[in-house]
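In what follows, a single structure is set out as structure tokens and then discussed.
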Amino acid sequence: MFRQYVEVVDIEQLPIADLNCILRPWCQFAQDWGYGGFYAGNLYPYITPHPEELVMPDCFHRANYPALLMAAGLSVLTVACWGDGIKRIDGGLGLANHVRENYLTEPMCFGLTQSGNPQHPLYLPADTELKEFC
């Protein structure tokens, strides 16, 4: 059976060229945890190095919700990891909470930031253990 997990993340602060630095550790996490792959779903489908540009509703597309739901439904593990960058986006915390409450079943995270958001894995050690995101 091909096991997968989904990461629900907000990577708006990174330019497209830097996505490889995120995907490499995620591939390693998937392999270390015994998964054959992963889906990465963004809270916002628009990626920019300037989070203040992400203004609702222009930066959001309704097709994003079904995509997140599909990825979560096809996965046996969901990891929330949008980090504190979400606070710099008008309406970001509301969107994150909506997705968490309505689309994620028993989500995990890499730990919480001081303000209670799920940590982004970019700068975490490879041996970081998952915790329940309640």
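The values are calculated or read from the model by the stated rules, or taken from the named source; none is laboratory data. Note that the structure is predicted; figures quoted are calculated from it, not measured. Cβ atoms come from the backbone with ideal geometry, glycine included; neighbour counts cover every protein chain shown.
Quick look at the numbers
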read-out	value
Neighbours by Cβ (under 7 Å, 6+ apart or cross-chain): first from the stretch 123-134, modelled with pLDDT of 85 or more; second of a type in the set (A, V, I, L, M)	Leu130/Val79; Leu130/Met108; Lys131/Met108; Glu132/Met108; Phe133/Ala80; Phe133/Met108
Filtered residues of the stretch 73-104 (kept if outside any helix (DSSP H, G or I), at pLDDT below 85 and surrounded by 21 or more Cβ atoms within 10 Å (Cβ to Cβ))	Ile89
Qualifying residue in the stretch 116-127 (condition: outside any loop (DSSP other than H, G, I, E, B), within 13 Å of the chain's Cα centre (by Cα) and crowded, with 18+ Cβ neighbours inside 10 Å)	yes
Test: residue in the stretch 7-23 that is modelled with pLDDT of 70 or more, surrounded by 13 or more Cβ atoms within 10 Å (Cβ to Cβ), assigned to a helix (DSSP H, G or I) and not acidic (Asp, Glu)	no
The lone exception for Phe110 - which of (1) touching a Leu at 6+ places or on another chain (Cβ under 6 Å); (2) touching a residue at least 60 places away in the same chain (Cβ under 8 Å) it fails	(2)
Within the stretch 50-65, tally of residues that are at pLDDT 70 or above, in contact with a helix residue (DSSP H, G or I) (Cβ under 9 Å, 6 or more places away or on another chain) and either among the aliphatic types (A, V, I, L, M) or part of a loop (DSSP other than H, G, I, E, B) (or both)	1
Test: residue in the stretch 78-88 that is in contact (Cβ under 8 Å) with a residue 40 or more places away in the chain and more than 22 Å from Pro51 (Cβ to Cβ)	yes
